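Structure first, commentary second.
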Amino acid sequence: MSVYNGERYLREAVDSILNQTFTDFEFIIVDDGSTDGTAQILDSYSDPRIVRINNEKNLGLAASLNHGIDRAQGEYIARMDADDISLPTRLVEQISYLEKMDTVGVLGTSVVFIDEDGVRVTASKQPPDHNRSVWTLVFGNPFIHPTIMARRILLTQVGGYRLNGPAQDRELWIRLIRNTRYANLCDPLLLYRLHPNSVTSLRRKARRGEIYSPYPEPDQLLRKRLIEDLLGREVSPETIEWLTVSQGVQNALNSGLEDYQIETTILLMLEIFDAFVAQSIFLGDTTEVKSDLIRRIVAVSRYSPQCVMPGKLAKTWRRPLQRRALLAVREIAKAVRVWPSHWN
């Protein structure tokens, strides 16, 4: 756990780890140059399982986590943030799973989101298996970072975190897709706090231009890097942008995509799917990924300039032009055998 000026929620976070039902661990806490009461709070603990690392100056999350990885002695490394709360059985449930499933190297969990005062807001639903997790990496992040538990040897083999700034975890998972398998426990085992200074909130504000961020928005760059590595060719930034926009149906429907952009985006997703299969990154049954691919293809097709808002799509698609467009998408999907038979 790295902490920087986290005095407000720090004690709850620390206590939630020290009170785990699984007790055989070292708790490495990196004070990343805090100037508030963080050090005094940590000084108040005498639990011998706590290992303190004090950075003389603020180095950032990635560097601090790498210091922790270098110091760690255990077989597994679990992440924790200084403003969240791990539920009491988190560690024992994750360790139990990893002991049984020795091919899985990175394991996350679902979470319950809480507000500044600890009031539960909503719950997350993370992709439970490897195939859906690596597929999600094309569009976002399959893991909620402070929930993960990973095999230490995996993290050390690839040199830990590299990206200094937001999405340092997603960059790491992209690098590991050929090294291991991924999974998430469906039960929420962490309370993830949303507040104005949380990483999630700051990234949203930076994207909206409400605050200045010293880091370039990494999502597009990571998506481009992953897709180009899979396909073995360059993909234009414009195509990556179309892929990104095509997934935000509710927010961007009015702007629309031109027909050639729709076609390019659909073909790109089909090519990415085929690459995952051909390179054996997908393992076993891909039915759920196929269903998600079709959902995304349909989402792209909604950007036809003739379409209206989603609430009226059913009526719109009864019209000849929209019906033909949807049927064409269906036939493309069936031709490459990614249309689930129960959708016929």
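The values are calculated or read from the model by the stated rules, or taken from the named source; none is laboratory data. Computed from a predicted model, the values in this text were never measured in an experiment. Positions of Cβ are backbone-derived with ideal geometry, glycine not excepted, and every protein chain shown enters the neighbour counts. Quick note on the areas: whole protein, heavy atoms, side chains included, nothing else; ligands and nucleic acids left out. Shrake-Rupley method; radii C 1.70, N 1.55, O 1.52, S 1.80 Å.
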In whole angstrom, the spacing between the Cα centers of region 1-75 and region 133-168 equals 20
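Whole number in Å², please: accessible area per residue of region 93-196, 1.4 Å probe, ligands, DNA and RNA not counted. Don't jump to the answer; show the numbers that get you there.
Values: 3980 Å² over 104 residues.
Accessible surface, normalised per residue, equals 38 Å².
Using mean Cβ contacts within 10 Å as the protection proxy, how do 225-238, 145-158 order, highest first?
Working: 225-238: 13.9, 145-158: 18.5.
Those peptides, ordered most packed to least, come out 145-158, 225-238.
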Between the modelled labels at Val298 and Glu241 (7 Å from Cα along Cα→Cβ) the distance in nm is 2.9
Of 183-194, 86-97, ordering from highest average Cβ density within 10 Å down gives 183-194, 86-97
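Rounded to a whole number, what is D in µm²/s for region 1-114 from Stokes-Einstein with the Kirkwood radius over alpha-carbon pairs (10 °C, 1.306 mPa s)? Present the calculation step by step, with values, prior to reporting the outcome.
On the way: Rh = 14.8 Å.
Value of D from the Cα-based Kirkwood radius: 107 µm²/s.
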Filtered hits (aspartates and glutamates, Cα-Cα < 18 Å from Lys57, offset >= 8 within chain) -> Glu7, Asp31, Asp32, Asp36
Heavy-atom accessible area of region 50-200 with neighbours in place, 1.4 angstrom probe: carbon+sulfur share in percent works out to 51
Per the Kirkwood formula over distinct C-alpha pairs, the hydrodynamic radius of region 50-194 in angstrom is 15.7
